[in-house]
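Written out below as structure tokens is the structure these notes cover.
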Amino acid sequence: MDKNTKAIELMKENKYEEAAAIFNEVIQEQPNDPLGYINFGNLLLHVKDPERAQRFFDKAIELDEKSATAYYGLGNLYFEQAEYKKAQVNFQQAIELGLEEADVYFMMGMTFQHQEHHKLALPYFLRATELKQDDVEMNFQYGLALAQSNLISDAKKVFEDVLSKDEKHSDAHYNLGVIAIYNEQAESALHHFNQALEIQPDHVLAANGKSQLEQLMEEKDT
């Protein structure tokens, strides 16, 4: 196991000081290799030190302007600071430089979601779900973007697929409830709201949806 791999394993075990010491050794031993700077930048970002993290990502790009993972790191940094336009630019650069991983496409989609450009998010979420088919959160966000783009039948299929992967996904049930109301299927909507509340009793949106729906159903019966 090389030093970078060992340090990444230590990060996964939350042993950040030990990981930092090894990344520092890597940089001292290979000062012209961008990988050590990228890994140290990721560690600093993880421990909420974005200013220092940015310096390490910038140094990696200075050493290799085609370092896709450095741009991905910067994208995550800006995303966490809610600077979504800057995040978008860096994620796009990472993709253009050949980073073909689900996470970068997913994060690109999320930058568009936060800017309320739901249709622009769709191709990136779709690509993310193609690369990581079993990822529940990626599939859910794709369904959400479809619904927000008024592609209701497509969204319904995706939310149902999410439930096939995770039957306890309360937000998927809630959104299927909303779609059922849109399709004038009150009983189905009530079922999904109840399921969401059974899984997550404090699901405010599901509780509100259920309350309003029951009121409408009572008024219809009188």
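Can you confirm whether the stretch 151-158 contains a residue that is over 24 Å from E214 (Cβ atoms) and either polar (S, T, N, Q) or touching a strand residue (DSSP E or B) at 6+ places or on another chain (Cβ under 7 Å) (or both)? Yes, that holds for at least one residue. Anything in the stretch 11-60 that is of a type outside the set (A, V, I, L, M, F, W, C), within 14 Å of N76 (Cα to Cα) and part of a loop (DSSP other than H, G, I, E, B)? List them, or say none. Passing the criteria: K48, D49. Taking each residue of the stretch 194-219 that is without any contact (Cβ under 8 Å) to a residue 60 or more places away in the chain and more than 12 Å from G177 (Cβ to Cβ) and looking for partners that are assigned to a loop (DSSP other than H, G, I, E, B) and not charged (D, E, K, R) with beta-carbon atoms closer than 9 Å, six or more apart or interchain, yields I199/H169.
Residue by residue, here is whether (1) out of contact with any strand residue (DSSP E or B) (no Cβ under 6 Å at 6 or more places or on another chain); (2) touching a residue at least 24 places away in the same chain (Cβ under 8 Å); (3) of a type outside the set (D, E); (4) surrounded by fewer than 13 Cβ atoms within 10 Å (Cβ to Cβ) holds:
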position: M11; (1), (2), (3), (4): yes, yes, yes, no
position: F23; (1), (2), (3), (4): yes, no, yes, no
position: I27; (1), (2), (3), (4): yes, no, yes, no
position: D33; (1), (2), (3), (4): yes, yes, no, no
position: I38; (1), (2), (3), (4): yes, yes, yes, no
position: N42; (1), (2), (3), (4): yes, yes, yes, no
position: H46; (1), (2), (3), (4): yes, yes, yes, no
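All conditions in (1) on the phi < 0 side of the Ramachandran plot; (2) surrounded by fewer than 18 Cβ atoms within 10 Å (Cβ to Cβ) hold for L176, with the sole exception of (2).
Selection within the stretch 53-68: residues that are basic (K, R) and under 25 Å from the mean Cα position of the chain (by Cα). The member of this set that is nearest to I95 (Cα to Cα) is K66. Of the helices (runs of 4 or more DSSP H) contained entirely in the stretch 120-214, those carrying at least 2 residues that are at pLDDT below 95 fall at 170-182, 186-199. Applying the condition of being among the basic types (K, R) and in contact with a Phe, Trp or Tyr (Cβ under 6 Å, 6 or more places away or on another chain) to the stretch 48-89 and asking which residue is nearest to P31 (Cα to Cα) yields K59.
The values are calculated or read from the model by the stated rules, or taken from the named source; none is laboratory data. Note that the structure is predicted; figures quoted are calculated from it, not measured. For neighbour counting, all protein chains shown are included, and Cβ atoms are generated from backbone atoms with ideal geometry for every residue, glycine included.
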